[in-house]
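No lab work stands behind these numbers, since they all come straight from the coordinates. The structure presented is a predicted model; accordingly, all values stated were derived computationally and were not measured. Cβ sites come from the backbone with ideal geometry, for glycine too, and all protein chains shown count toward neighbours.
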Amino acid sequence: MKVNFLGIKGTWREVADSANTTIQREAGNKEPSTGWKRRMLLCEHSPIRQLLFRIKWYDLKSWVSVHFVRHKFGIEHWVRTQRTDRTGVDRDNLPQGNFVEHEFLANAQAMINISRKRLCYQASKETREAWIEVLESIKAEQPEIVQVCVPDCIYRGWCYEYKSCGYHKTEDYNKKLGEYRQGINE
């Protein structure tokens with residue numbers, strides 16, 4: 001599997017300007033700080049939805065792709081067809097492990113929401129690995145979004161799954177929870 005970060009639409013300046021609109025302030029001209037960006041993402045205020053991430057997986061297993069197309073709010077998916085009339089291959093004979101290309105366009109809120117489910121250790125290993133690759137692909141350009149993309153147990157501060165994996169009882173969990181919460185009240 002390979003991931004290609006195809007770009008981002010929207011700017012942090014636009015996010016800040018929209019945030020200023022909501023609190024009756026004029027648009028600014030300086031670039032928002034890293035701390036401000038992280039705070040906006042943690043607060044999940046509506047202006048973050050202006051940041052749109054365009055990403056494409058190559059050689060993603062079909063059944064893993066299906067896990068991602070379950071997400072439908074703030075995201076659009078384009079998955080390579082397996083239609084017989086387009087490929088010349090009888091789709092009834094294709095295994096779930098067959099590879100597909102899967103492209104998506106997701107806003108920052110969707111990235112946070114998907115991370116909550118797909119970084120959880122109850123998600124399949126392959127699905128978790130595919131999402132980690134997505135986050136790694138954007139990390140250099142958008143480190144703030146990657147910092148707030150965490151599994152639900154860290155997001156909520158506890159595990160609510162019927163059958164917990166036990167991660168919330170580990171030292172690594174406590175460390176990651178502390179890192180996630182760092183700077184929240186500053």
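Using only Cα atoms, tell me the angle between helix 34-43 and the longest principal axis of the chain; keep it within 0 to 90° and round to the nearest 10. Its long axis makes an angle of about 70 degrees. Under a GNM of the chain (C-alpha, springs under 10 Å), which listed residue has the highest mean-square fluctuation: S33, S115, S62? Result: S33 has the largest fluctuation of those listed.
Each eigenvalue of the Cα gyration tensor of the chain, multiplied by 5 and square-rooted, gives one semi-axis; in descending order these are 32, 23, 12 Å. Remark: the range 97-111, residue by residue, has Karplus-estimated 3J(HN,Hα) of x, 4, 8, 10, 9, 9, 10, 9, 10, 10, 7, 4, 5, 5, 4 Hz, where x stands for each Gly or Pro and the curve is 6.51 cos²θ - 1.76 cosθ + 1.60 at θ = phi - 60°. Going by a ≥ b ≥ c, the root eigenvalues of the Cα gyration tensor, does the range 1-51 fall in the rounded group (a/c under 1.5), the prolate group (a/b larger than b/c) or the oblate group? Since a/c reaches 1.5 and a/b is larger than b/c, the shape of the range 1-51 is classed as prolate. Oblate is the label for the range 115-158, because a/c, from the alpha-carbon gyration tensor with a ≥ b ≥ c as root eigenvalues, is 1.5 or above and a/b does not exceed b/c.
How big is the equivalent ellipsoid of the range 73-114 along its three axes, where each semi-axis is √(5λ) from the Cα gyration tensor, reported in whole Å from largest to smallest? List each step's numbers first, then the result.
Values: eigenvalues 163, 23, 9 Å².
After diagonalising the Cα gyration tensor, the semi-axes are 29, 11, 7 Å.
Comparing R128, R116, R156 in a Gaussian network model of the chain, where Cα atoms under 10 Å apart are tied by springs, the biggest mean-square fluctuation is seen for R156. Here, the range 92-186 yields an orientationally averaged convex hull projection of 8.3 nm² when only Cα atoms define the hull. Computed on the chain, with alpha-carbon pairs under 8 angstrom and 6+ residues apart, the relative contact order is 22 percent. Once both axes come from the Cα atoms, what is the angle between helix 125-139 and the longest principal axis of the chain, in degrees from 0 to 90, rounded to 10? Taking the Cα atoms of the chain, the angle to 125-139 is about 50 degrees. Neighbour counts of other Cβ atoms within 10 Å put K30, K117 in the fewest-to-most order K30, K117. Counting lysine pairs in the range 1-149 whose alpha carbons fall under 20 angstrom apart, excluding pairs fewer than 8 residues apart on the same chain, gives 20.
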